[in-house]
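Some notes on the structure that comes next.
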Amino acid sequence: MVALMSAAALVATAAATSAPSKQIRHGSPSPPQRIAAAKGIHKIRHIVIIMQENRSFDSYFGTYRHADGIPGLAGHPGKIPCLPDPKRHRCQRPFHTLRDLNMGGPHSTGNAAADINGGKMNGFIAQQDKALPHAKANNVMGYHTGREIPNYWAYAQHFVLQDHMFEPVLSYSLPAHLALVSLWSAYCPNHKPMSCRNALAKPARPPHWGRHPAKVAPIYAWTDLTYLLHKHHVTWRFYIFKGIEPACESNATASCAPVTQGPISSPFWSPLHYFDTVRDDHQLGNIESLNKFYIAAGRGTLPAVSWIVPSQKVSEHPPALVSPGQTYVTGLINTIMQSKEWDSTAIFLVWDDWSGFYDNVRPPHVDRNGYGLRVPALVISPYARRGYIDHQTLSFDAYAKFIEDDFLGRQRLNPRTDGRPDRRPDVREDARRLGNLIKDFNFNQKPRKPVILPVQPKTDLLGP
């Protein structure tokens, strides 16, 4: 069973002690006439980015018809690939796995380059064997179908599946999460933004993590997206597990007892704690417990921009199981769909890196930092196109671009114009190869009704 929050129960148990989030602009309920007057992208007044962990596109959607999936399977053109397995002196083809536990492989910058292998996309098994010599060779080659992850496939069928979403950096979780909120991964020797230098593989690490944890807090002095949001009076929240979230069987549970030492989100997944801009703008209070998300959704007071990161148990990050993650994500999305603000919301669901799992598409080169390998990504909204597969080249930079176009008058994280210069190598939102998420929407259509899915769907998944 999985730990999941009950929206109704959280509102009931926490209302007495939790005041509504202060709304500055964009996040508060709008008069009906204002919603009716909004046009195009500005019909979206709430953006919720749900970040899950460590899956490649092919491991989840490699056999989804008409997507750019595994060659030779599900009608996809080409011959089924067979990757070298040097340890066993043979080759290994992708295969359908029913296992709830998929271990994946190593996924640092060096591993990414070796997996890609100059565009051959055939280094996955060899990298797994070097890092995990006792693992089964087929770990990284297994893929799931809609029978194991029915809710994720249902969202693709009802809304938008993006089959060319690439991790923005050729690296692991920490650089990916730094890029999510700031479009850069850097190392800063001091608190001056111009002191920061590119750090694709080794940004300063948060304390209390890993075999050799840092003893001091990292310095993240470069400019992040919250700086622009605060400057333009746009509300935002970053929701994490703080160890105080109640544990429930599902979000339909009638009551839910709070816990005081529950799961927490990895420091790697919530780096905003350490950004100078967040501290200097007195915005640390915007990093809240996931409890507050459910309360805000229930009250109709979601901020303009929300990021949500998981705990390990529901993250899908190996060795976490797939099924608890799907249950948790479904609970989040059901809660948004049942809120007053569904008609003005866009949900971007994405996984942060490929975790060593096989993918057949060579990432395009944009700059010295990436792009990295493909990850699953979905757009869910009352204005999202129905059953649409977006083939544009995308990265997490597209989320920032959408936020900036919707709320910030197209202001970019550009050292020349944002008022807080740093040494980032380029303006990622303006990369020529980067697509535009607005193509995933039809703002002329009537807002679509919610698609409420069971939080614990019947699947073919087998135990570890």
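The values are calculated or read from the model by the stated rules, or taken from the named source; none is laboratory data. Predicted, not measured: the structure shown is a model, and the values here were computed from it. Please note: Cβ atoms are built from the backbone with ideal geometry, for glycine as well, and neighbour counts cover all protein chains shown. Just so you know, the surface numbers come from the protein's heavy atoms only, side chains and all, with ligands and any DNA or RNA stripped out. Shrake-Rupley method; radii C 1.70, N 1.55, O 1.52, S 1.80 Å.
What to note about this one:
- Phi angles of the range 379-391 translate, via the Karplus equation with coefficients 6.51, -1.76, 1.60 and θ = phi - 60°, into HN-Hα couplings of 10, 10, 6, x, 9, 5, 5, 8, x, 8, 10, 8, 9 Hz per residue; Gly and Pro are given as x.
- Helix-derived mean residue ellipticity, 222 nm - over the chain, DSSP H n ≥ 4, -39500 (n - 2.57), to 500: -6000 deg cm²/dmol
- Sequence ranges 292-299, 441-448, 355-362, ranked by mean other-Cβ count within 10 angstrom, highest first: 355-362, 292-299, 441-448
- With contacts taken as Cα pairs under 8 Å at a separation of at least 6 residues, the chain carries a relative contact order of 29 percent.
- Model label zone, LEU101; criterion: amide N under 19 Å from point 7 Å along Cα-to-beta-carbon; scope the range 357-382: 357
- Positive dipole terminus of the range 104-221, leading residue within PRO133, ALA217, ALA176 (C-beta point charges): ALA217
- Average Cα contact separation per residue, the range 262-378, under 8 Å, 6 or more apart, as relative contact order %: 20
- Annotation: lysines with alpha-carbon distance below 25 angstrom to LYS446 (same-chain offsets under eight excluded): LYS39, LYS43, LYS340, LYS401.
- Cα-centre dipole for the range 107-208 with unit charges at Cβ (Lys and Arg positive, Asp and Glu negative), debye to 20: 360
- Mean Cα-pair separation over length for the range 325-439, i.e. relative contact order, pairs under 8 Å, 6 or more apart, %: 22
- Protein heavy-atom accessible surface, 1.4 Å probe, per residue over the range 52-130: 43 Å².
- Between ALA37 and ASP460, residue separation times 0.36 nm minus the direct Cα-Cα distance comes to 147.6 nm.
- For the range 312-337 versus the range 139-194, the spacing of their alpha-carbon centroids is 15 Å.
- HIS365/LYS340 FRET efficiency (R0 51 Å; Cβ-Cβ; nearest 0.05): 0.70
- Each Cα pair of the chain feeds into the Kirkwood radius, which the Stokes-Einstein equation turns, at 4 °C and 1.567 mPa s, into a diffusion coefficient of 58 µm²/s.
- Here the range 255-357 exposes an accessible surface that is 55 percent carbon and sulfur, computed with a 1.4 Å probe and the other protein chains kept in place.
- Probing with 1.4 Å while keeping every protein chain in the model, the per residue accessible area of the range 273-411 equals 25 Å².
- Difference of contour (0.36 nm per residue) and Cα-Cα distance, ARG197 to LYS79: 38.2 nm
- Estimated distance in nm for a label pair at HIS208 and GLN392, the labels positioned 7 Å out from Cα along Cα-to-Cβ: 3.9
- Between ASN414 and LYS87, the modelled labels are 4.9 nm apart [label points 7 Å from Cα along Cα→Cβ].
- Residues with amide H under 5 Å from that of ARG99, placed H, sequence gap 5 or more: LEU462
- Between TYR383 and ARG448, the built amide H atoms are under 5 Å apart, and every one of these is 5 or more places off in sequence or on another chain.
- Counting only protein heavy atoms and a probe of 1.4 Å, the accessible surface of the range 115-201 is 55% carbon and sulfur.
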